[in-house]
Amino acid sequence: MTPTPAERRRQLDQRFTRWDPATLGQSLDVAVKLYADRPLILTASGCYSYRQVADWSRRLASGLIAAGVPAGANVALIMGNFPEFVALKYAIARIGATAVPLNYLLRRHELRYVLEQSDCDTLITMNRLRDLDYLAELDAIAPDWERQGGGAPLPGLRQVFVHPTAPADPTPAAPRRDVRTIEDLAALATPDSDAELQRREMAGQAHSCSDIIYTSGTTGRSKGVMLTHDMVLRTAYASVYTRAFEDGRRILFALPMYHVFGYVECLVACTFVGGAIIPQANFDAEQMLDLAETCHATEIVCVPTMTLKLVEIARRRGFAHGDLIDFFNSGGATPPDLWVAIRDVFAPREICTAYGMSETTASTTCTLPEDPLERLLSTNGRLKPAGIAGDPALGGVLAIYKCVDPETGGERPAGVPGELLVRGPSVTPGYYRKPEETAAAFTDGWLHTGDIGVLAADGYLTLLGRIKESYRCGGEIVMPVEVEELLSQHPLVARALVVGIPDPRMGEVGCVCVVPAAHARPDPQELIDRCAALLARFKVPRHVIFIAEEDIPTTATGRPQKFKLAEWARQRLAELSPTNR
């Protein structure tokens with residue numbers, strides 16, 4: 001009989017009695033001592049044990065040192081959910097460098113900006129993923145990168161290594177003879193670099209920067225959220241404790257590990273209990289259900305768009321998997337009936353949802369596995385208990401919230417909606433090389449989330465909407481200003497404002513509210529095609545509607561009120577729906 005969540009937490013309390021700050025590499029080595037031959041990574045083609053991943057990461061780390069990567073350098077990763085991501089992630093941590101995992105859906109000008117802004121010394125990239133050719137993008141950004149790194153366009157980028165996920169371009173016009181692979185990287189290791197690696201690992205600092213995670217910013221340019229090793233490990237353990245992991249939890253997911261969701265909540269979390277990850281590089285609902293059954297997953301982690309597809313496929317083909325303990329669905333708007341579908345179709349013993357952001361390292365609130373279904377329907381969870389990783393000054397959690405009046409900043413009492421502000425040891429110290437944005441994001445040590453919510457007296461939080469302009473499409477954060485700036489360059493667009501609109505499959509999709517120029521309306525499809533040609537797929541808006549300048553809701557200072565505009569857009573789209581014509 002499976003222990004209850006409360007019993008599993010008691011078991012965790014017995015196993016973990018003291019928090020010892022560590023680096024990610026040091027934490028993995030502790031896990032190796034306990035679980036050396038257990039699988040850490042399970043794939044359809046095989047598995048990698050804790051010992052194998054640790055040894056692999058050391059070879060790569062020694063190679064990075066031999067390649068001249070100094071401690072404190074930033075190393076960019078454009079890598080899907082392959083075993084190589086995990087080995088490289090720990091390798092970068094071992095040498096005292098900072099990992100900069102990039103969203104692999106970004107297009108050329110987006111990649112160039114992030115590579116430049118992050119001061120990356122080294123880039124490790126895939127050659128292809130689906131229809132994206134990263135080597136061709138590099139050719140356009142920094143010609144001759146194979147021999148001279150970033151060159152004049154990216155002077156800080158010294159070198160590039162490639163993981164061949166697909167056959168290299170065979171055309172003579174684009175030879176790749178000088179491309180160095182990650183196998184070449186590992187082969188660079190020498191006795192001297194091995195010795196230097198040992199020195200760096202011993203000198204590793206838990207409170208040094210481990211990651212710079214790029215997210216959208218209020219200016220439309222991405223911001224690099226700085227996280228430390230200790231923040232990542234504490235937040236991951238809080239997830240273990242809140243979701244009450246059993247020994248050996250196996251987590252199946254297709255969430256990219258460049259996000260804190262896949263990285264912290266899945267990969268790092270499972271290592272505390274000798275568990276394993278079952279990552280998908282490309283979400284495939286049919287394959288995911290097969291993996292759940294064949295790999296004996298005890299937890300499935302999805303965003304709502306994925307969950308909807310899984311439910312659809314499972315209803316058609318069936319799902320027989322008695323090992324499933326938890327279904328963790330979070331990261332976007334969830335239709336109420338989806339919770340019932342999860343329960344009925346997958347029959348997990350527990351269902352969870354959560355709320356968090358890159359700036360808080362991962363989720364800060366979560367429903368408890370023992371909570372009734374009503375909590376999933378009406379809340380985004382309560383503050384996550386963190387066990388030994390928690391802050392005693394905050395009552396054993398890693399972050400606390402308060403609601404304030406968006407206009408005055410005055411604190412709102414329990415049960416009254418307001419803007420959510422957060423502080424605590426899991427909250428980022430700031431944005432990389434963005435002092436003005438960092439200063440603007442904080443008030444007296446409290447980070448402005450930009451979300452509107454209600455904090456109940458019992459500690460449960462319910463999100464109501466957003467003050468900030470971003471929205472989440474298929475689990476990816478979209479910053480409207482980037483799309484707005486692009487569309488405002490169109491000669492027939494006087495002004496473009498983008499808001500997120502609820503969508504049953506994607507959570508939210510973009511809707512462009514266009515003020516036409518000189519009484520001439522641009523073709524809506526032309527605007528969408530313009531975005532599709534230059535932006536990542538999740539940023540491309542689905543709807544275009546027209547609005548008069550005087551009808552745009554604004555604050556007293558004339559700034560557009562996006563949450564009111566979003567409500568107007570929803571009503572307008574409903575009026576324009578074919579069923580209402």
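With (1) at pLDDT 95 or above; (2) surrounded by fewer than 17 Cβ atoms within 10 Å (Cβ to Cβ) as the list, and ALA54 as the residue in question, which single condition is left unmet?
The failed condition is (2).
Just to be sure before I move on: is ILE528 over 24 Å from PHE283 (Cβ atoms) and at pLDDT 95 or above in the structure I sent?
no
Please count how many residues of the range 286-345 are surrounded by fewer than 14 Cβ atoms within 10 Å (Cβ to Cβ), among the small types (Gly, Ala, Ser) and within 17 Å of ARG375 (Cβ to Cβ).
Final tally of qualifying residues: 0.
What is the number of the single condition among (1) assigned to a loop (DSSP other than H, G, I, E, B); (2) assigned by TED's automatic domain parsing to the domain that holds LEU88 that GLY248 does not meet?
Unmet for GLY248, out of (1) assigned to a loop (DSSP other than H, G, I, E, B); (2) assigned by TED's automatic domain parsing to the domain that holds LEU88: (2).
Okay, residues lined up against (1) surrounded by fewer than 17 Cβ atoms within 10 Å (Cβ to Cβ); (2) modelled with pLDDT of 95 or more; (3) of a type in the set (D, E, K, R):
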| residue | (1), (2), (3) |
| --- | --- |
| THR171 | yes, no, no |
| ASP184 | yes, yes, yes |
| GLU201 | no, yes, yes |
| MET226 | no, yes, no |
| LEU233 | no, yes, no |
| ALA244 | no, yes, no |
| GLY248 | yes, yes, no |
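Given ALA292, ALA320, ALA297, which one is assigned to a loop (DSSP other than H, G, I, E, B) and within 16 Å of PHE253 (Cα to Cα)?
On inspection, the qualifying residue turns out to be ALA297.
Would you pick out the residues in the range 45-69 that are over 18 Å from GLN205 (Cα atoms), part of a loop (DSSP other than H, G, I, E, B) and touching a strand residue (DSSP E or B) at 6+ places or on another chain (Cβ under 9 Å)?
Passing the criteria: ALA67, GLY68.
Just one of the numbered conditions (1) modelled with pLDDT of 95 or more; (2) touching a strand residue (DSSP E or B) at 6+ places or on another chain (Cβ under 6 Å) is not true of ILE388; which one?
(2)
Could you run through the range 360-388 and say how many residues are among the aliphatic types (A, V, I, L, M) and buried (at least 24 other Cβ atoms within 10 Å of the Cβ)?
Adding up the residues that qualify gives 3.
Of the conditions (1) in contact with a helix residue (DSSP H, G or I) (Cβ under 7 Å, 6 or more places away or on another chain); (2) surrounded by fewer than 21 Cβ atoms within 10 Å (Cβ to Cβ); (3) closer than 26 Å to ILE213 by Cβ; (4) among the β-branched types (Val, Ile, Thr), THR353 clears all except one; give me its number.
So THR353 meets the others, but not (2).
Please verify whether the range 403-416 includes one or more residues that are buried (at least 19 other Cβ atoms within 10 Å of the Cβ) and free of Cβ contacts under 8 Å to residues at least 60 places away in the same chain.
Scanning the range 403-416, I find at least one residue that is buried (at least 19 other Cβ atoms within 10 Å of the Cβ) and free of Cβ contacts under 8 Å to residues at least 60 places away in the same chain, so the answer is yes.
What are the residue pairs meeting all of these: first residue in the range 308-329, first residue within 18 Å of HIS296 (Cα to Cα), second residue modelled with pLDDT under 90, Cβ atoms under 8 Å, and 6 or more apart or on different chains?
Filtered contacts from the range 308-329: ILE325/THR2.
Can you tell me which of LEU12, LEU42 is outside any helix (DSSP H, G or I), in contact (Cβ under 8 Å) with a residue 60 or more places away in the chain and surrounded by 18 or more Cβ atoms within 10 Å (Cβ to Cβ)?
LEU42
Going by what's in this entry, would LEU455 be described as under 23 Å from PHE538 (Cβ atoms) and touching a residue at least 24 places away in the same chain (Cβ under 8 Å)?
no
Just the residues that are surrounded by 14 or more Cβ atoms within 10 Å (Cβ to Cβ) and either assigned to a loop (DSSP other than H, G, I, E, B) or β-branched (Val, Ile, Thr) (or both), please, taken from the range 389-402.
Correct list: GLY390, GLY396, VAL397, LEU398, ALA399, ILE400.
For the range 412-424, give me the residue count where each residue is assigned to a strand (DSSP E or B) and at pLDDT below 95.
2
Run down ALA285, ALA292 and say which single residue is more than 30 Å from GLY395 (Cβ to Cβ), among the small types (Gly, Ala, Ser) and touching a His at 6+ places or on another chain (Cβ under 8 Å).
Only one candidate qualifies: ALA292.
Can we say ARG94 is surrounded by 19 or more Cβ atoms within 10 Å (Cβ to Cβ), of a type outside the set (A, V, I, L, M, F, W, C), touching a helix residue (DSSP H, G or I) at 6+ places or on another chain (Cβ under 7 Å) and under 19 Å from ALA152 (Cα atoms)?
Answer is no for this residue.
Residues that are under 22 Å from the mean Cα position of the chain (by Cα): which helices (runs of 4 or more DSSP H) entirely in the range 70-185 hold 3 or more of them?
Correct list: 83-94, 108-117.
The values are calculated or read from the model by the stated rules, or taken from the named source; none is laboratory data. In this text, all values refer to a predicted model and were calculated from it rather than measured experimentally. As a convention, Cβ positions derive from the backbone with ideal geometry for all residues, glycine included, and neighbour counts pool all protein chains shown.
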